[in-house]
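One structure is given below, encoded as structure tokens.
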Amino acid sequence: MICPFCNAENKDSAFYCIVCGKPLTPSGYDVNQYASKLKKMNVVLLIILVILTLGIYYPIWFIRQREGINNLLSDDKIDSGLFIIIAIVTALSLLAGVYSGIVEAKGDWGYAGAINVLFNLIDWVIKIVLIIEVFKVRKILDTHFNTYLGKNERFSVIFTLFFGIFYLQFCLNSTVIIQWRGNNTTFLFPLSQ
Ligand SMILES: [Zn+2]
């Protein structure tokens, strides 16, 4: 592939020119189909789903949107393996909470306390990893829309920090989806059109 900015020869799969660093559209990439794998979802229902699953749905959201997110123009990609691990550890952490409650009820305070400390620590690690991943998705959206497509979409750092996937889903619904509304795509929770 020849860079349209400086005419340097690049690999067909390159996202950036090796010489001038400007963004390249990989050959065979259909810009009109970029968002077809992203799933639209009602943000309120997403919040309810995360609450009802006691947080387990939070990493699952990444797994469901992964293909669509990785289909966007960016050399940053998200990996489903990480989120499968987080979902399992979140579930185990919930079970550990119940278990430590039972142990505590039996009067073994020291043991229950140790379990709580361990899983509080794991919860913090998970929170930090999820914040990193949420910002990675934000960066992918920013790269795709603003660097490649030359749009002027704002993806708020503050909202990403405080609202995580709920804000990202809001961005997907409002910025991405509008551009392929009318395409025949199935949604888990269709919003009224
Ligand atoms: Zn170039």
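What follows is calculated from the coordinates using simple rules that are stated; it is not laboratory data. Note that the structure is a prediction, hence the values are computed from the model and not measured. Positions of Cβ are generated from backbone atoms using ideal geometry, with glycine treated the same way; all protein chains shown enter the neighbour counts.
Remark: the range 34-125 carries a charge dipole of roughly 400 debye about the Cα centre, counting +1 on each Lys and Arg Cβ and -1 on each Asp and Glu Cβ. Quick test of your reading: applying the under-4.7 Å Cβ rule, which cysteines of the chain are isolated? Those would be Cys171, since no other cysteine Cβ in the chain comes under 4.7 Å of theirs.
For Tyr16, the amide hydrogen comes within under 5 Å of the amide hydrogens of Leu24, counting only partners 5 or more places away or on other chains and with H modelled in the peptide plane.
Across the cross-link table entries Lys11/Lys136; Lys37/Lys139; Lys39/Lys77; Lys11/Lys139, which are compared at the Cα atoms, the separations over 20 Å belong to Lys11/Lys136; Lys11/Lys139.
A Förster radius of 30 Å combined with the Cβ-Cβ distance from Lys37 to Val157 puts the calculated FRET efficiency at roughly 0.70. Annotation: peptides 73-81, 57-65, ranked by per-residue average of other Cβ atoms within 10 Å with the highest first, follow the order 57-65, 73-81. Per-residue ellipticity at 222 nm, computed for the chain from helices alone with -39500 (n - 2.57) per DSSP H run of at least four residues, works out to -17500 deg cm²/dmol. When peptides 109-117, 157-165 are ranked by their average number of other Cβ atoms within 10 Å per residue, the highest-first order is 157-165, 109-117. The mean of 1/r over all distinct Cα pairs in the chain, once inverted, gives the Kirkwood hydrodynamic radius of 18.9 Å.
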